[in-house]
Amino acid sequence: MSQRWHKSQELNQNSPIKITALSNYWDFKSLGDRILRLFSLALILLTICTACAPPPAAAKDRSFPEMSLEFLGDYQLPKINFEGVPVGGLSGITYDSKGINPGTSQAYRFYAISDDPSENGEARFYSLRLDLKLGDATNIRLKKVNVEAVTSLKKADGQTFSWGAINPEGIALSPRNSVFVASEGVTHVGIPPFVGEFDLKTGNWRGELPIPQRYIPDASDEKQQQGVLDNLGFESLTIDPETFSPGGLDPFRLFVATEAPLMQDLDPENPGKIRILHYILVNKTPQLISENLYTLDQVPLSILNGLTELVTVGGGQFLSLERSFGLSGYGARIYQVAVGAATDTSRIKSFKGGSSVVEPVRKKLLLDLSELGIPLYNLEGMTLGPRLPDGSQSLVLVSDDSFDEAQKTQFILLSLKAKY
């Protein structure tokens, strides 16, 4: 952050500007001399007032455009089966603005990834229909969520993923009729993390992003010195909506982040150092163009704390979702994030020590969801949704029930108001 400072001017006995005693004024013999003398005194007084005036107010910090979030309600999806498979483990969600015509319906289509590692069924993502009540701008709420379809993810050979070969966590709809899916990998059995592209309709494999070697675990046991930690790899995934174009012909930007620090970045004195990867996709050729440091807030008495989602909101701004678990249950916070002044960390091998010269992304707390007065569950997914009647942007969150009867699949609807 740039710092502005103002140095006051000071008048002292050595100043070339001095006030002559007014008593000498009347010694001037001519009216012209008197007028000239009066004019000189006026200039001196003006100089003194200017020098003694308080410094102007510092310029407003423009890193964070004005944003606010308003809670509009939540909905819990009942425990159901769809096509013979339990619906659960929803850890990522993305909005399809072309899915259902909002002109004839108040229902909207979303896609949600299940983090099922092909244990309860094939690795998959769901097509969801969210029905909103929009008739009264002062009483907008989420009425119901329905599962409409399921799509299995397939490998490059056309086969579905075998049990334990994938750990899907994040999903983002792309402008070229595909979804990108982030897999944490399975470190303890030597399966690396990846970000793959899959056809929206068929789930067929289209390709994957190049992952730097520093993210790939170098061992599957206590000898590991680098790479993602088990079950703490790629979790957040988002595509910048400002780079969407018809058919995805124009370059678009994609961001992915780990849930927790890499092995080589673990630092007991400065915990929570996470890396965000920034890709640009040009003519189906993905290129990694930068990397930034994101620092987690530490939650007292928490057992689990991580970055579970990033959402690009335009204007170089993001929203981030940090989820925690402790003695009082689950907690979650949403932050406004600005990356403009952050250091490119792609050449930094480790954040242990000596990282004080690194400027992380800046963030500002927008909403502590524990203050909403509702039970919170394991919130892991977040996405922008449709525009609301008052012109604000909807924001939808979803929780991962871990296929546990005691946990819930919770959807939370928020209203995002922003001024750029």
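Data for the structure
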read-out	value
Mean separation of Cα contacts under 8 Å (6+ apart) over length of region 192-346, as relative contact order %	16
Viscosity 1.002 mPa s, temperature 20 °C, Stokes-Einstein D of region 108-241 from Kirkwood C-alpha radius, µm²/s	133
Amide H partners (placed H, <5 Å) of residue 262, local residues excluded	275
Kirkwood Rh (inverse of mean 1/r, distinct Cα pairs), region 329-386, angstrom	14.5
Tail weight of P(r) past 23 Å, computed on alpha-carbon pairs of region 306-420, percent	40
Ordering of 258-264, 158-164 by packing [mean C-beta count within 10 Å, highest first]	258-264, 158-164
Ratio Rg/Rh [Cα only; Rh per Kirkwood] for region 243-378	1.00
Packing-based order for 225-232, 236-243, using average beta carbon neighbours within 10 Å, highest first	236-243, 225-232
Full-extension gain in nm, residue 371 to residue 97, via 0.36 nm per residue minus C-alpha separation	95.6 nm
Which listed pairs, of 154/363; 154/417; 273/419; 284/352; 79/133, have C-alpha distances above 32 Å, in listed order	154/363; 154/417; 284/352
Extension gain from residue 344 to residue 156, taking 0.36 nm per residue of separation minus the Cα-Cα distance	64.4 nm
Whole-number D in µm² s⁻¹ for region 193-296, Kirkwood Cα-pair radius fed into Stokes-Einstein, 4 °C, 1.567 mPa s	86
Percent carbon-and-sulfur accessible area, region 321-416, ignoring ligands, DNA and RNA, probe 1.4 Å	48
Per residue accessible area of region 126-270, 1.4 Å probe, in Å²	42
With DNA, RNA and ligands ignored, accessible area of residue 363 (1.4 Å probe; Å², nearest 10)	50
Relative packing of peptides 87-97, 188-198 - highest average C-beta neighbours within 10 Å first	87-97, 188-198
Surrounding net charge for residue 374, when Lys and Arg each add one and Asp and Glu each subtract one, Cβ distance under 12 Å	-1
Karplus (6.51, -1.76, 1.60) ³J(HN,Hα), θ = phi - 60°, over region 333-346, in Hz, Gly and Pro reported as x	9, 10, 10, 8, 10, 10, 10, x, 9, 6, 6, 6, 9, 5
5 angstrom amide H check on residue 73, placed H, neighbours 5+ away	413
Note, ³J(HN,Hα) from phi for region 310-317, Karplus 6.51, -1.76, 1.60, rounded to Hz, x at Gly and Pro	10, 9, 7, 10, x, x, x, 10
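The values are calculated or read from the model by the stated rules, or taken from the named source; none is laboratory data. Treat the numbers as computed from the prediction; the structure is a model and nothing was measured. So basically every Cβ, Gly included, is an ideal-geometry build from the backbone, and we count neighbours across all protein chains shown. Areas reflect the complete protein model, heavy atoms only, side chains present, ligands, DNA and RNA absent. Shrake-Rupley method; radii C 1.70, N 1.55, O 1.52, S 1.80 Å.
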